[in-house]
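The values are calculated or read from the model by the stated rules, or taken from the named source; none is laboratory data. Note that this is a predicted model, so its numbers are computed, not measured. Note that we place each Cβ from the backbone using ideal geometry, even for glycine, and neighbour counts take in every protein chain shown.
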Amino acid sequence: MMVSPVQSRGVQVVRLHDVSVRLGQLWALRDIELTVQAGERVALVGANGSGKSTLLRTMHGLLMPVQGRVDRHPDGRQAMLFQRPHLLRMSALHNVALGIWLDRSQGLNWAQSKARALEALQRVGLSAVAHQGGRQLSGGQQQRLALARAWGRQPDVLLLDEPTASLDPHAKREVEALMADFANGQEHPLTLIWASHNLGQVKRLATRVVYLEGGHVLADLPVAEFFNAAVLALHSPAAHAFVQGELL
Ligand SMILES: Nc1ncnc2c1ncn2[C@@H]1O[C@H](COP(=O)(O)OP(=O)(O)OP(=O)(O)O)[C@@H](O)[C@H]1O
Ligand SMILES: [Mg+2]
């Protein structure tokens with residue numbers, strides 16, 4: 001598979017310039033400046049309600065800013081994994097194939113979509129259950145199925161909203177390993193942007209950490225600096241207090 005220009009390091013894949021988003025009366029995001037480059041693995045952290053999901057949805061074009069601009073690389077393809085995957089009442093294979101087939105930018109017919117879907121299921125270790133109902137799979141399997149559906153569309157940028165939140169430790173590790181594999185994938189390296197409440201996971205997977213509070217980005221640092229208490233305290237006392245609280 002060819003590496004597209006959107007996967008060359010240093011290329012800007014998404015840029016938010018002065019972005020504010022309102023949800024009803026609430027300013028869910030305020031004055032966000034954020035540029036993500038190809039190959040980065042950006043973790044979004046912050047308390048419940050801080051704006052992580054809103055930021056992901058805005059990056060994916062599902063929410064429109066009332067102010068500012070979201071620019072995506074014109075040749076880039078994004079896929080998003082929601083916190084609770086919406087699986088359809090059909091086989092695992094068809095769940096993935098339909099996602100690929102419906103994405104008209106792929107230009108694949110149904111047979112080709114199914115072939116690609118099978119490949120994606122193999123990639124996440126689910127080929128044995130390809131013909132079982134997607135909704136009958138375990139929570140961990142469903143999450144891997146949703147990952148296959150996103151990955152099967154061969155995105156350059158993968159957005160994930162708390163991809164391991166509802167999983168047991170074993171399933172969590174499996175999904176984490178897949179995320180790492182995807183990010184490093186020789187055949188199709190990805191840019192990862194994901195929301196997480198698991199700081200251990202952030203430390204293991206992220207290259208960069210963005211801390212949100214009340215819709216503001218209060219820290220945006222390389223992972224080593226974010227987890228250096230002295231550096232973080234200097235940079236953002238609020239982010240430092242958050243991390244200390246999470247580590248208790
Ligand atoms: N549809 C909506 N209408 C109005 N307010 C909303 C809506 N969705 C979210 N909000 C509010 O926007 C703020 C940001 O929510 P968001 O879901 O982005 O937070 P989050 O960081 O993802 O939280 P969590 O960790 O719980 O997933 C919260 O105050 C939330 O209550
Ligand atoms: Mg959320």
Among the numbered criteria (1) assigned by TED's automatic domain parsing to the domain that holds Pro222; (2) in contact with a helix residue (DSSP H, G or I) (Cβ under 8 Å, 6 or more places away or on another chain), which one does Ala165 miss?
(2)
Of all residues in the stretch 37-61, which are touching a strand residue (DSSP E or B) at 6+ places or on another chain (Cβ under 8 Å), within 13 Å of ligand 2 (Cβ to nearest atom) and of a type in the set (S, T, N, Q)?
Ser50, Ser53, Thr54, Thr58
Might you check whether a residue that is within 16 Å of ligand 1 (Cβ to nearest atom), without any contact (Cβ under 8 Å) to a residue 40 or more places away in the chain, over 27 Å from Phe242 (Cα atoms) and out of contact with any helix residue (DSSP H, G or I) (no Cβ under 9 Å at 6 or more places or on another chain) occurs anywhere in the stretch 54-64?
yes
Select from the stretch 6-18 the residues that are buried (at least 18 other Cβ atoms within 10 Å of the Cβ) and within 15 Å of Leu159 (Cβ to Cβ) and write down the one among them that is nearest to ligand 1 (Cβ to nearest atom).
Leu16
Evaluate the stretch 117-138: report whether one residue or more is within 16 Å of ligand 2 (Cβ to nearest atom), in contact (Cβ under 8 Å) with a residue 40 or more places away in the chain and not acidic (Asp, Glu).
no
Scan the stretch 186-200 for residues that are out of contact with any strand residue (DSSP E or B) (no Cβ under 8 Å at 6 or more places or on another chain) and modelled with pLDDT of 90 or more and report the count.
2
